[in-house]
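The block underneath contains the structure these notes are about, expressed in structure tokens.
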Amino acid sequence: MANAPAAVMKITLSVIKADIGSVGGHICPSQRLLGAVTSYVRERARGLLIDTYLSSTGDDIAILMTHTEGVRSTRVHRLAWDAFVAGTEVAKAQGLYGAGQDLLKDAFTGNVHGMGPAVAELELEERPAEPFLFFAADKTDPGAYDLPLYLAFADPMNTPGLMLAPSMGKGFRYVIMDVDHTEGDRIIELDAPEELYAIAALLRDPERYVVESIHARSSGAQAVSASTSRLHNIAGKYTGKDDPVMLVRVQQDFPATGEVLAPFAMGHFVAGGMRGSHQVPLMPVRLNSTISYFDGPPIVTCAAFSMREGKLTEPVDAFAHPFWDRIRAHVADKAVEMRRQGFFGAAMLPMAELEYTGIVKKLESLEGRFRVRPEP
Ligand code: F6R
Ligand code: MG
Ligand code: MG
């Protein structure tokens, strides 16, 4: 039939990311390690994956996969898990720091949720043009994306499309997770713009409330999927920061690429940095960047793609443009300024968020030395 509409293809984007060992402390995976994980995935992709893109951000390796298996696919998750297990052997053989550190469980149990690696997945009906952004951050935690997502999808001061594009004017639905709740996924759905103040009241606390997904209210289509795992909630203790990944579809009914990137020019303060225990500004950096100053600063990378029938174009480095050099210099200034006050007050995270428990013992040991002075 000449005029029959072409069948819309359903594609799933899956990013699974883990820190399985790095060179020189927490700087980056070795080339051999990244090569081993890449080869493992590519050798087993046939019949399962349409396309893949492997990259590192700081000490984390992310596997981006396109396929038609849907979200939480056991086959897809097992492939990523097994690739990280195989990579861990290389990390051990090379004496890398923290070999296998994000693989918190011994045996694979269906999907990698709750097992250590971070996951962001999104099933979509492919548009004739399907541009999307893949973000990965290191030395921080999932709440780092809360503010950029608030600004990009709910604030016309950042996103003129909310005023100018009719479908975007219908607003977006936020699915927000209470990541402190460990007995299952505790979520709330809130609509922007009507419930903007409620969204703000939650996102004010990014260590507890994390945007999991965002959906266009015009069509119901999902625009965002972000990882929400908190390693300390899985392991019962801190085993490292949660270094989140995120997928964002852009253009048409969704914010434009530039509207999604713009909030990252702020260099907002996030939890992370040295020993995962500080407030340090988030620096947008080039793809495959490493870590340096003060085991940070926390970094975020963005690879922009287009896709057709699940086949990816080459990644374009969204933060490589000269504009971001100036931003990086500004963020470095902010980081140094905050570091001038060392351990004091706002420079460090509150007790519950510190990656080390030594300070708790120190304070306990001082308890016996406190005394209440008698009234004179
Ligand atoms: C995140 C990361 C940090 C470390 C933290 C503690 O990628 O590497 O959050 O987990 O700095 O590391 P240790 O105690 O191993 O130096
Ligand atoms: Mg690490
Ligand atoms: Mg990391």
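The values are calculated or read from the model by the stated rules, or taken from the named source; none is laboratory data. Note that the structure is predicted; figures quoted are calculated from it, not measured. Here the Cβ positions follow ideal geometry from the backbone for every residue, glycine too, while neighbour counts run over all protein chains shown. Just so you know, the surface numbers come from the protein's heavy atoms only, side chains and all, with ligands and any DNA or RNA stripped out. Shrake-Rupley method; radii C 1.70, N 1.55, O 1.52, S 1.80 Å.
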Matching residues in region 78-100 (assigned to a loop (DSSP other than H, G, I, E, B), touching a residue at least 12 places away in the same chain (Cβ under 8 Å) and either in contact with a Phe, Trp or Tyr (Cβ under 9 Å, 6 or more places away or on another chain) or surrounded by fewer than 21 Cβ atoms within 10 Å (Cβ to Cβ) (or both)) number 4
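Given the options GLY272, GLY342, name the one that is at positive phi, under 16 Å from the mean Cα position of the chain (by Cα) and not charged (D, E, K, R).
Details: GLY342 fails: under 16 Å from the mean Cα position of the chain (by Cα).
After applying the criteria, what remains is GLY272.
Within region 109-156, track down each residue that is within 16 Å of ligand 2 (Cβ to nearest atom) and of a type in the set (A, V, I, L, M). Walk me through it before giving the result.
Here is the first cut: in region 109-156, the residues within 16 Å of ligand 2 (Cβ to nearest atom) are 116-118, 136-142, 144.
Within region 109-156, ALA118, ALA136, ALA137, ALA144 meet the criteria.
What number of residues within region 168-189 are open to solvent by 30 Å² or more (accessible area, probe 1.4 Å) and part of a loop (DSSP other than H, G, I, E, B)? Even if it seems obvious, please write down each step before you answer.
Within region 168-189, the subset open to solvent by 30 Å² or more (accessible area, probe 1.4 Å) is 169-170, 173, 180-189.
Pick out the ones that are also part of a loop (DSSP other than H, G, I, E, B) and you get 180-186.
Counting residues in region 168-189 that are open to solvent by 30 Å² or more (accessible area, probe 1.4 Å) and part of a loop (DSSP other than H, G, I, E, B) gives 7.
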message: When you scan region 90-109, do you find a residue that is away from ligand 1 (no atom under 16 Å from the Cβ), at pLDDT below 95 and on the phi > 0 side of the Ramachandran plot, even just one?
response: no
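Conditions (1) aromatic (Phe, Trp, Tyr); (2) more than 23 Å from ALA144 (Cα to Cα); (3) in contact with a Leu (Cβ under 9 Å, 6 or more places away or on another chain), marked per residue:
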residue: ALA320; (1), (2), (3): no, no, yes
residue: PHE323; (1), (2), (3): yes, no, no
residue: MET348; (1), (2), (3): no, no, yes
residue: LYS362; (1), (2), (3): no, yes, no
Pairing a residue in region 187-206 that is closer than 14 Å to LEU147 by Cβ with any residue that is open to solvent by less than 30 Å² (accessible area, probe 1.4 Å) and of a type in the set (Asp, Glu), where Cβ atoms lie under 6 Å and the two sit 6 or more apart in sequence or on different chains, gives LEU203/ASP146; PRO206/ASP146
Requiring at least 1 residues that are open to solvent by 30 Å² or more (accessible area, probe 1.4 Å), within 12 Å of ligand 1 (Cβ to nearest atom) and of a type in the set (A, V, I, L, M, F, W, C), the strands (runs of 3 or more DSSP E) wholly within region 239-322 are none
Just one listed residue, out of ILE27, ILE20, ILE50, is under 21 Å from PRO315 (Cβ atoms) and at pLDDT 95 or above, and it is ILE50
